[in-house]
Structure formats: structure tokens, C-alpha cells
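The values are calculated or read from the model by the stated rules, or taken from the named source; none is laboratory data. Because the structure is predicted, anything quoted here is derived from the model rather than measured. Counting neighbours? That spans all protein chains shown, and the Cβs are built from the backbone with ideal geometry, glycine included.
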Amino acid sequence: MVPGILHCPARVNRNEGPIAEAKARRTEAAARFTHLQARVIGESARALVATLAALHTLETADALLSAQEKQLQSVQARLRVGEADRLALLSAQLELAAGQVARLNALVEAQTSLGLLEDALQRPLDASSPLPSVPEAHLRDAQGHTHT
């Protein structure tokens, strides 16, 4: 120590510790939010992909069922004029029944997928509103592809 000069200890800011703790908590909360946001976006994208696939399957089942109904009508008409036998009629009826079951299964899958999409979006879907769009990168991620 030098005589005549007061030596003061280095002034420590009493607030530095609490400020650092608050910054750390804020950074941690931001990281949790970002993680949650990414998870919700991923779940929504996967649910949308599944819903679109289920709706496509339903559309295909509808088209197939329509074709099977026409086929049955054709066989019935041919049976009336003697160009088809009872076995052809039964076969067409069986194919129609199988098509109806396939369509019903596709409808159940579509409804289930729409419910999962509503859950992921955390809001009900209105039949008049279009499905939400998801950026293509999210769709590729949801389908198990990685984008570069």
C-alpha cells in the first residue's frame, strides 16, 4: 500500500449474479420453446402427410367402387339377355362387396387421420376450409427424407 492513498477494494456489482441467472433462464426457456415448436411443426407435417395419403386412398377407393358398381350393372344386363351366367353375377357382387369394405376402411383411415391432424394443429378442421399448407421441406422431413 502506498501511504496517503486509500485503497478501495474492487467494486463488485451485486446484480451481476442475478442478471446472469435470469439470462441463463431466458436462454433455457428459449431453447425449450424452439424444441417444442420444432416438435409441433414436425407432428403437424406428419399428420398432414398421413391425411393427404388417406384422402388419396379414399378417392381411389371411391373410383374403384364406382367401376365395380358399373361392372355389376353390366353383368346384370348381360345376364338378362343370356350373355352371362349366375357365377359371373355372384363374382361381380362379391367384388362390389369387397370394394365397399375397402372404401369403408379407407373412410375410417381418412377420418382417423383428420382427427390426428386436428390434434396436431390443436384446432378443429372445418370441412369448408382447405387443409393447411406445410413447406415442402417439412413434408420431406415428415416422410422420412432429409433435405440438403
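Listed here are the residues, each with its yes/no results for (1) surrounded by 12 or more Cβ atoms within 10 Å (Cβ to Cβ); (2) over 37 Å from the mean Cα position of the chain (by Cα).
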position	(1), (2)
Ala50	yes, no
Ala54	yes, no
Asp62	yes, no
Leu65	yes, no
Glu69	yes, no
Gln76	yes, yes
Leu87	no, yes
Ser91	yes, yes
Ala98	yes, no
> Which pairs do you get when a residue that is over 22 Å from Ala102 (Cα atoms), found in the range 68-91, comes within reach of a residue that is of a type in the set (Phe, Trp, Tyr) and exposed (fewer than 14 other Cβ atoms within 10 Å of the Cβ), reach meaning Cβ atoms under 7 angstrom, with the pair 6+ apart or on two chains?
Replying inline: none
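Do you know which of the residues in the range 83-123 that are among the basic types (Lys, Arg) and either at pLDDT 95 or above or in contact with a Ser or Thr (Cβ under 7 Å, 6 or more places away or on another chain) (or both) is farthest from Gln68 (Cα to Cα)?
Let us first name the residues in the range 83-123 that are among the basic types (Lys, Arg), namely 86, 103, 123.
Retained after the next criterion (residues that are either at pLDDT 95 or above or in contact with a Ser or Thr (Cβ under 7 Å, 6 or more places away or on another chain) (or both)): 86, 103.
Details: Arg86: 17, Arg103: 12 Å.
Applying the filter and picking the extreme gives Arg86.
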